[in-house]
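The next block holds one structure in the form of structure tokens; read it before the comments.
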Amino acid sequence: MGNNYEYNHFYNRELSWLEFNQRVLEEVSDSINPLLERLKFLAITSSNLDEFFMVRVAGLIAQYEEGLIKKDISGLTPEDQLKAINKRVKKFVQDQYTSYKEVLNTLNKKNHLKIKKYSQLDKKQKIYVDEFYSETLFPILTPMGIDVSRPFPHILTGSLNIVVHLQHESEKHMSIVQVPRVINRIIELPSNSGIEFILIEEIIKSNLQDLFPGCNILDTGFFRITRNADMIIDEDEADDLLIEIEKELQKRKWGEPVRIEYDKDIPKKCLEFLTRNLKIQFSNLYEIDGPLDLTFIFELMDHDGFKDIKYEKYTPKRYAQLEKNTIYTTLKKEDVILSHPYDSFDHISDLIEAAATDKNVLAIKQTLYRVSGDSPIISSLIKAARSNKQVTVMVELKARFDEERNIMWAKELEKSGCHVIYGIKGLKTHAKCLLIVRREPSGIKRYLHLGTGNYNNSTAKLYTDLSLLTTNEELCADVSNLFNILTGFSQNRKWKRLITAPKDMRNEFYRLIDREIQHTANGKKGKIIVKINSLVDEKIIKKLYDASRVGVEIVLIVRGACCLKTGIKGISENIKVFSLIGRFLEHTRVYHFENNGDPELFLSSADWMSRNLDRRIETLFPVIKSGPYKKVMETIDSILKDNIKLRQLDEKGTYFKVKNDKKNFSSQEYLYGKKQ
């Protein structure tokens, strides 16, 4: 049955991801969101798009330049995809800056804040910014002239720059000035009429003559480039993976340009100069009608003066039974599910901190994929090692864009006496596991944490994730065996409860879906509910189509890219796809199979993507006890009940807001306890 599907039964992954970013952009226009938070969604879309170009578009360009014509799941070649992406992104960028101006205009009218041009400054403000330029900016700036003896400089990816067309006597030259990254990009102005700001590039542009005395400035323009940031690491040839990745990180700075953003007023001569020297095609040029790189908006979020136009501060729940002096007793009695960020992630950090100072703890084993810059978890692991505990940490050095931080932490952990490993050759370790081994009067006892998200105290306040805390002997034994595989040459044993990728997870999902198919074929109840971040694996999608064709009811909550099409007659009529974009980034991975009234519920670190199922160390683990089961399903039920932020995918590929006659209900507000 699974071979009867055609290209038009699937969406392209990249275009589907761009539609996800469009859903984020739509939050900018949602009046339910506080005004400044609406601007923040703009910054998120900008940051998202940067990473998309650095990785996904860069990869397609490389395929195109190699002459590859292989079609993707939707029947598009790399060239087809690049053309479609270019067209879609240009429309998206227009929408971005239309939204930016609309929200900024509203903020200005309501006297909340204003971002000024240099020409709009009053006399007092001009004196202030000119002094700021002289005292702070001018000493940092370095104009880079370009002529026979001074070649075109290396432009850092993501940096904002000014191209300057100059004339000195009878000769004309080009020069580039990089806007410094070492200071905040947005500067508050002295003002008697609300809170006002100016961007530092405006200050620099208006004082450029100081950098070029004796020259006539003919033209100027802002531009920004994005480089290929993908890393290719030959692990077979690497003697030391850490050193090899450090080398590749240096090479990343020299990746090929894949995009130029430029302000709409840049002169044609300046733009041609840039494209010629950067060797970039005109199809990868994007005109911007406003400030380049909207991520500067993140700086506004830390300002103290906007409490009435930001989300109210939320304090995650803490539980007395999970405090340091009671957590071991609690976990011996029952499994615990924590739903972050609504339930405090500090319980996990505190557990590691307590273990580090507990004389009865003999060993701590943990995987780390992405951790925060000032991680209390790292501090606790270091403390544990210095207390002569056996500490084993699997640090994933290949976590994209966190490589430098992870290398730094790996070195710090090794210095303290931790046994640090980097995983298995050719695979990323994406599983989230913490195992604490403790000596107790009854013997050795293991305490286990398994999660859907990272051990990152910062993102744990922004992302929704689920944590399972348990002393289940079978799960603890499985995770012990998993660490033996990661640290040594142990071979796969037969798992008791845990399912892992890349060897078993894909086939286990096939088995679980096939079981629902069989139940339905036999006239029984078959239903699948899944909540994930991405659904792009072709084989899994075909399995879901097979299930839909025999009548299995399938409900998918997919935050990001989804290559599955709904509403295809005779194929996907029994599948519904939803997506929820809200204050918190939906990040949980939940898999529920009805099993004819004897349901099975799993949490996982993995999405339904080929990379998760085939090229990563991942875990899929059951929620066994009734209390934790009910709590997980409450989160799923609340999402499907949402009629404020939930969107549904239709058969045309459009996501529409779910509306009904029921009382307004927001899943995220419900879960953090706000009255509906």
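We did not get these values from a lab; they are worked out from the coordinates using the rules stated. Just so you know, these numbers come straight off a predicted model, no measurement behind them. Positions of Cβ are generated from backbone atoms using ideal geometry, with glycine treated the same way; all protein chains shown enter the neighbour counts.
Could I have the simple spin-label model distance between Lys110 and Leu640, label points 7 Å from Cα toward Cβ, reported in nm to one decimal?
Those two pseudo-labels are separated by 3.6 nm.
Can you tell me the dipole magnitude for region 320-497 around its Cα centre, using point charges on the Cβ only (Lys, Arg +1; Asp, Glu -1), in Debye to the nearest 20?
Dipole magnitude for region 320-497 comes out near 620 debye.
Tell me what the chain gives for mean residue ellipticity at 222 nm when only DSSP H runs of n ≥ 4 count, each as -39,500 (n - 2.57), the sum divided by the residue total, rounded to 500 deg cm²/dmol. Before the final figure, lay out each step's value.
Values: 19 runs with 229 residues, N = 676.
Calculated at 222 nm, the ellipticity per residue is -10500 deg cm²/dmol.
Using 7 Å Cα-to-Cβ label points, what is the Ala521/Thr654 separation (nm, one decimal)?
3.8 nm
Just to verify a number: FRET efficiency for Val148 and Lys87, C-beta to C-beta distance, R0 = 41 Å, to 0.05? Intermediate values should be presented prior to the final figure.
On the way: r = 40 Å, r/R0 = 0.97.
My answer for the efficiency is 0.55.
So how far, in whole Å, is the C-alpha centre of region 123-139 from the one of region 419-450?
55 Å
If each residue's Cβ is checked for other Cβ atoms within 10 Å, how do Ile529, Ile377 rank with the fewest at the top?
Lowest count first: Ile529, Ile377.
Just flag the trypsin sites (Lys or Arg not before Pro) in region 592-669 sitting in loop per DSSP whose Cβ has no more than 12 other Cβ atoms within 10 Å. Before the final figure, lay out each step's value.
Details: sites: Arg611, Arg615, Arg616, Lys625, Lys630, Lys631, Lys641, Lys645, Arg647, Lys652, Lys657, Lys659, Lys662, Lys663; in loops: Arg615, Lys625, Lys645, Lys652, Lys659, Lys662, Lys663.
Filter output for region 592-669: Lys652, Lys659, Lys662, Lys663.
Mind jotting down the distance between the C-alpha centroids of region 615-646 and region 559-612, whole Å?
A separation of 11 Å, based on Cα centres.
Give me the angle, in degrees from 0 to 90, between the Cα long axis of helix 626-641 and the longest principal axis of the Cα atoms of the chain, rounded to the nearest 10.
For 626-641 against the chain, the angle is about 40 degrees.
Determine, for Met633, Met54, the number of other Cβ atoms within 10 Å of each Cβ, and report the residues in order from fewest to most.
Met633, Met54
When a/c is below 1.5 the answer is rounded, else prolate if a/b is larger than b/c, else oblate, so apply that to region 241-340 with a ≥ b ≥ c taken from the square roots of the Cα gyration tensor eigenvalues.
Oblate, because a/c is 1.5 or more while a/b does not exceed b/c.
Relative to the longest principal axis of the C-alpha atoms of the chain, give the angle of the C-alpha long axis of helix 538-549, reported between 0 and 90° and rounded to the nearest 10°.
60 degrees
Where in region 408-458 are there trypsin sites (Lys or Arg not before Pro) that are in a DSSP coil and have at most 10 other Cβ atoms within 10 angstrom of their Cβ?
Here the trypsin sites (Lys or Arg not before Pro) that fit, given the DSSP loop and packing criteria, are Lys425.
Among the GluC sites (Glu not before Pro) in region 19-74, which ones are in a DSSP loop with at most 16 other Cβ atoms within 10 Å of the Cβ? Mind listing them?
Numbers: sites: Glu19, Glu26, Glu27, Glu37, Glu51, Glu65, Glu66; in loops: Glu66.
Sparse-neighbourhood loop GluC sites (Glu not before Pro): Glu66.
Which value in nm describes the separation of the simple spin-label points at Glu412 and Asp308, placed 7 Å from the Cα toward the beta carbon?
4.1 nm
Does anyone have the angle between helix 241-252 and the longest principal axis of the chain? Alpha-carbon axes, 0 to 90°, nearest 10?
Roughly 30 degrees, rounded to the nearest 10.
Suppose every Lys and Arg Cβ carries +1 and every Asp and Glu Cβ carries -1, with no other charges. What dipole size does the chain come out with about its Cα centre, to the nearest 20 debye?
Here the chain has a charge dipole of around 1840 debye.
Between Glu440 and Asp219, 0.36 nm times their residue separation minus their Cα-Cα distance comes to what?
Extra length from Glu440 to Asp219 when fully extended: 72.0 nm.
Using the count of nearby Cβ atoms within 10 Å as a rough guide to exposure, how do Trp409, Trp17 rank from fewest to most?
Going from sparsest to densest Cβ surroundings: Trp17, Trp409.
Taking Rh as the Kirkwood radius, which is the inverse of the mean 1/r over Cα pairs, what is the Rg/Rh value for region 7-309?
On the way: Rg = 21.3 Å, Rh = 21.4 Å.
Rounded to two decimals, Rg over Rh is 0.99.
With 10 Å bins from zero, work out the P(r) of region 397-491 over every alpha carbon pair and list the percent per bin.
Each 10 Å bin holds this share of Cα pairs: 13, 37, 39, 10, 1.
What is the magnitude of the charge dipole of region 7-309 about its Cα centre, with +1 placed on the Cβ of each Lys and Arg, -1 on the Cβ of each Asp and Glu, and no other charges, expressed in debye to the nearest 20?
Around 1220 debye, computed over region 7-309.
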